[in-house]
Ligand code: SAH
């Protein structure tokens, strides 16, 4: 691909764009190697102890960054990698508040130290003198909750991501609300140590029936020196699936065993956008999980029929239940490997009016980008073959390390090789309750292209 198409500094295999790199759905843009779950077994350290609620939140040390490495942090980038640090004045314990300063000692920001992570300091406040105490976390949480209210996502019967890590200036904290229950996912030791204060603030702001801890991202948690088993931290767990409403649909969400924190909230608006084009079409939803796209296309979109495929029997059981619950009798759910199934459909000469591809993260590290792009190419190439003329392709990528440009370039190659015109109608991202900080573009991961294939 021509270099000019890429964002500067984001070439596959190149080093971090800033002095830091990490996190979110974190599907993927973390420090290189950070997602390796297959390294030598190390004994996880004991869980971080909760900080007392009346913790003053003042620094115990000053971390000085190397000359010429301070700029991203003045620009509010929240991750300070070990390699950016010149020296530390003081001896902070993991989880302590520290100040970040230039190599000459000028204040830049205030954050939290973790010597067990390559991401040594996570920054939370950029004004001098602000204590990182309970009122500080409460104020951040109130701001995040108010944003969801402004987005119209405060219907108690619905679901929303209330806190999206860096996008809400709370690096390492994800909170999803499903009806009256909250699912918390921690990806930083900094936030884990403040869990009591965070839960107090969440209870005050949202009054949930229960708060559950979900360790969906164990790879990263290990890298932060965290070992956090799933558990109920406040109130009670739901005694079965939680039912949430989205428009005219209801979804059963498994909060204790489901993927992610239970449901793919990030695809909410993309499901609706796809459904708008599904009328009277035969739809294929590959990688359907609990049937989000399939059922929305069948019911809201009035598709003629939908074939939904996922490799996980638990996922297809959820998809079947969600289709039945919403009265979508024309949805067929299959448990199968998507790669094999798409090939068999193609070999059988089957045709569809819409194909939806929402695969799991293919690129687990920046080194794996080329391999991931080959996998995207392969399924998109077959999907185009399955589409009748004028069919709609809904193709997604949740690999943070595969850039939007790379993904579009892949689609361009599919158009060339297939000889079909692919006209992109919409280039979409994650739903707005998943804000991305402009200071931390590593938080952007989801691409969803809707295209007409001639
Ligand atoms: N579209 C879904 C989310 C999909 S997440 C929604 O909107 O809710 C990706 C899904 O791919 C997961 O459910 C996972 O079980 C499934 N998956 C992963 N590898 C697969 C494979 N090789 N074949 C089929 N499904 C697979």
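The values are calculated or read from the model by the stated rules, or taken from the named source; none is laboratory data. Computed from a predicted structure; not experimentally measured. Note: ideal-geometry Cβ built from the backbone for every residue, glycine included; neighbour counts use all protein chains shown.
Some observations on this one:
- Inclusion of residue 268 among residues that are within 19 Å of the chain's Cα centre (by Cα) and either within 12 Å of the ligand (Cβ to nearest atom) or surrounded by 24 or more Cβ atoms within 10 Å (Cβ to Cβ) (or both) is warranted.
- Boolean, residue 203 is under 30 Å from residue 425 (Cβ atoms), surrounded by fewer than 17 Cβ atoms within 10 Å (Cβ to Cβ) and in contact with a strand residue (DSSP E or B) (Cβ under 8 Å, 6 or more places away or on another chain): no
- Residues located in the range 250-259, provided they are more than 8 Å from the ligand (Cβ to nearest atom) and surrounded by fewer than 22 Cβ atoms within 10 Å (Cβ to Cβ): 250, 252, 254, 256, 257
- Counted residues, the range 390-403 - those being buried (at least 19 other Cβ atoms within 10 Å of the Cβ) and under 26 Å from residue 297 (Cα atoms): 9
- Among the residues of the range 308-318, those identified as within 6 Å of the ligand (Cβ to nearest atom) and outside any strand (DSSP E or B) are 311, 312, 315.
- Going through (1) part of a strand (DSSP E or B); (2) farther than 21 Å from residue 163 by Cβ one by one, residue 232 falls short only on (2).
- One residue stands out in the range 387-446 among those that are within 25 Å of residue 345 (Cα to Cα) and part of a loop (DSSP other than H, G, I, E, B): the one that is nearest to the ligand (Cβ to nearest atom), namely 398.
- Filtered residue count, the range 120-141, keeping only those that are outside any helix (DSSP H, G or I) and either at pLDDT below 95 or surrounded by fewer than 18 Cβ atoms within 10 Å (Cβ to Cβ) (or both): 5
- For the range 279-307, the set of residues classified as at negative phi and within 9 Å of the ligand (Cβ to nearest atom) consists of 285, 286, 288, 290, 292, 293, 294, 296, listed by residue number.
- Residue 334 meets all of the listed conditions (1) part of a strand (DSSP E or B); (2) within 12 Å of the ligand (Cβ to nearest atom); (3) buried (at least 21 other Cβ atoms within 10 Å of the Cβ) but one, namely (3).
- Breaking point among (1) surrounded by fewer than 24 Cβ atoms within 10 Å (Cβ to Cβ); (2) free of Cβ contacts under 8 Å to residues at least 40 places away in the same chain, for residue 309: (1)
- Taking the numbered list (1) assigned to a helix (DSSP H, G or I); (2) farther than 18 Å from residue 444 by Cα; (3) in contact with a strand residue (DSSP E or B) (Cβ under 9 Å, 6 or more places away or on another chain) in turn, residue 197 passes all entries but (3).
- The residue that is modelled with the lowest pLDDT, counting only those in the range 337-385 that are part of a loop (DSSP other than H, G, I, E, B), farther than 18 Å from residue 419 by Cα and touching a helix residue (DSSP H, G or I) at 6+ places or on another chain (Cβ under 7 Å), is 363.
- The set of residues from the range 412-431 being surrounded by 20 or more Cβ atoms within 10 Å (Cβ to Cβ) and in contact (Cβ under 8 Å) with a residue 40 or more places away in the chain comprises 430, 431.
- Comparison of 225, 262 shows that the only residue that is within 16 Å of the ligand (Cβ to nearest atom) and on the phi > 0 side of the Ramachandran plot is 262.
- Pairs with Cβ under 8 Å, 6+ apart, first in the range 255-269 and free of Cβ contacts under 8 Å to residues at least 60 places away in the same chain, second more than 11 Å from the ligand (Cβ to nearest atom): 256/212; 256/230; 256/237; 259/216
- Filter pass, residue 275 being touching a helix residue (DSSP H, G or I) at 6+ places or on another chain (Cβ under 8 Å), more than 9 Å from the ligand (Cβ to nearest atom) and over 22 Å from residue 242 (Cα atoms): yes
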